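The values are calculated or read from the model by the stated rules, or taken from the named source; none is laboratory data. Keep in mind that this is a model prediction, so the values were computed, not measured. Note that we place each Cβ from the backbone using ideal geometry, even for glycine, and neighbour counts take in every protein chain shown.
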Amino acid sequence: MSAVSDTARPHSEDPATTERQGPVKWLLARFGEQMPKGLYARALIIIIAPMVLLQSVLTFVFLERHWQTVTHRLSTGTVQNISMLIDMYEAFPKKHNVDTLTALAAKNLGLRVRFAPGEELPQVRSKPFFDLLDTTLSDELERRIGRPFWIDTVGRSDLVDIRIKLEDSVMHVLARRSQTYASNSHIFIVWMLGTSVVLLTVAILFLRNQIRPILRLADAAESFGKGRPMPADFKPRGAREVRQAAHAFVEMKDRIERHVEQRTLMLAGVSHDLRTILTRFRLQLAMLEEDPEVDAMRADVDEMQAMLEDYMAFAKGDSGEAFSYADIGEVLGEVSAQAHGGKGNADGKTIEVRIEKEPLVVRVRRHAFKRAVSNLVNNAARFADTVRVTAAKSDGVLSIEVDDDGPGVPEDERELVFRPFYRIDHARNQDSGSTGLGLAISRDIARIHGGDITLDQSSLGGLKAVLKLPV
């Protein structure tokens, strides 16, 4: 049986439907399903995501250009020093001059230089796709030295290996990475994380104060919709639009309460007048002699009295009763006893009551709740020999299932039978003692509690009525 307001289960993806939607719409739909559903989380994303994206773009466009300029200048300086050493080596190729150049490069230029006579350059490696240093350094070596070279900018994290082919040897140069490249990754990370944390903190503090009045308004509306009193400290707060919505809700609530109060007073007057007339009928019939016709008239008056009670109960909706904690097992026991005692139609029939995890205590309008369950049980007992009532609480929902082995109700009419005075051409509706309001009254009471009643096929072969209330 479906729940109070069961959401339809999602159907499996139809390939034809997906193809008609197109891959872009399908991806957007899947992305939307993964997004947060709460207003608080969505508002944070709306505020933070554009700011972080804007910072990323600005950082990349402006700071990256600055880092490229610095890297180009550092690489140019390093290549100029290497070019000078090559010129000095070729001008003074004696052994003691090589030692002098090596010492001079290490002391004054910060370069570790070594000459390897007769050596060849290693095989050329593919350039890293995103390596600014490799591209800039290669361009400078080609432009200023113009000799075959080999560089390794990724082999050692803190050193750059440069090898240049001379006429009789290979010149090895090891330079610190900081001499050729202005590293920006840590600056970028610190900048992004720092500003993002500041923005996120400000957004959380601001949005929390803005979302709180909306949540309080939602709680008040939910409580009023379930027939419960609103929080005592509720009043319009927050932004102008939220205050307008709260004022509109309070005005709507007052109008509904005035309407219910006026209707209740009117119905109370009508009920009093009609009961007075029926009481006079009973007194007049009591003064007559016993006669079959008099007995028939008494039965008619009793039936009119029962019909009047049903009409008044349906019109009032039993909405004036306050909420209180009730033992559901005790209530169902009273309903079963009344049904067997003659107020229902269960004489000689079996009514089985099952309670899961007793004691089951929930907060309801006790008398209204009892009337709703009693109507379901009496309706089942009117047309069946066996009635099974099961009560359980799960995930904040109280569920009362009433199964019977009667003739049942056709599936296409299970919603129609909740209409007031609705009758069907079926074995379940041939009892002249029924006013046709029992199910309507029960559903009205369930909805006053914020729940609902639905009908389905019973495992006993008849009808199953399921009453579910949020508790």
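At a glance:
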read-out	value
Some residue of segment 239-249 being under 29 Å from Gly451 (Cβ atoms), within 19 Å of the chain's Cα centre (by Cα) and not β-branched (Val, Ile, Thr)	no
Of all residues in segment 1-29 being surrounded by 10 or more Cβ atoms within 10 Å (Cβ to Cβ) and modelled with pLDDT of 65 or more, the one that is farthest from Ala446 (Cα to Cα)	Gly22
Subset tally (residues that are aliphatic (A, V, I, L, M) and touching a residue at least 60 places away in the same chain (Cβ under 8 Å)) for segment 322-331	1
Test: residue in segment 213-225 that is in contact (Cβ under 8 Å) with a residue 40 or more places away in the chain, more than 39 Å from the chain's Cα centre (by Cα) and under 30 Å from Leu54 (Cβ atoms)	no
Those residues of segment 55-72 which are among the polar types (S, T, N, Q) and more than 18 Å from Glu140 (Cβ to Cβ), in sequence order	Gln55, Ser56, Thr59
Residue match in segment 219-229 (condition: among the hydroxyl-bearing types (Ser, Thr, Tyr) and closer than 30 Å to Val362 by Cβ)	yes
Filtered residues of segment 317-351 (kept if part of a helix (DSSP H, G or I) and modelled with pLDDT of 85 or more)	Ile328, Gly329, Glu330, Val331, Leu332, Gly333, Glu334, Val335, Ser336, Ala337
Every residue from segment 236-281 that is among the aromatic types (Phe, Trp, Tyr) and out of contact with any Leu (no Cβ under 7 Å at 6 or more places or on another chain)	Phe281
Elements of type helices (runs of 4 or more DSSP H) contained in segment 31-120, each with 2 or more residues being charged (D, E, K, R)	64-91, 95-104
Output for segment 43-66, where each listed residue is within 15 Å of Phe206 (Cβ to Cβ) and of a type outside the set (Val, Ile, Thr)	Ala43, Leu44, Met51
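Yes or no, residue by residue, for (1) in a helix (DSSP H, G or I); (2) in contact with a Phe, Trp or Tyr (Cβ under 7 Å, 6 or more places away or on another chain); (3) surrounded by fewer than 13 Cβ atoms within 10 Å (Cβ to Cβ); (4) free of Cβ contacts under 8 Å to residues at least 12 places away in the same chain:
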residue: Leu205; (1), (2), (3), (4): yes, no, yes, yes
residue: Ala232; (1), (2), (3), (4): no, no, yes, yes
residue: Glu251; (1), (2), (3), (4): yes, no, yes, yes
residue: Phe281; (1), (2), (3), (4): yes, no, no, no
residue: Leu285; (1), (2), (3), (4): yes, no, no, no
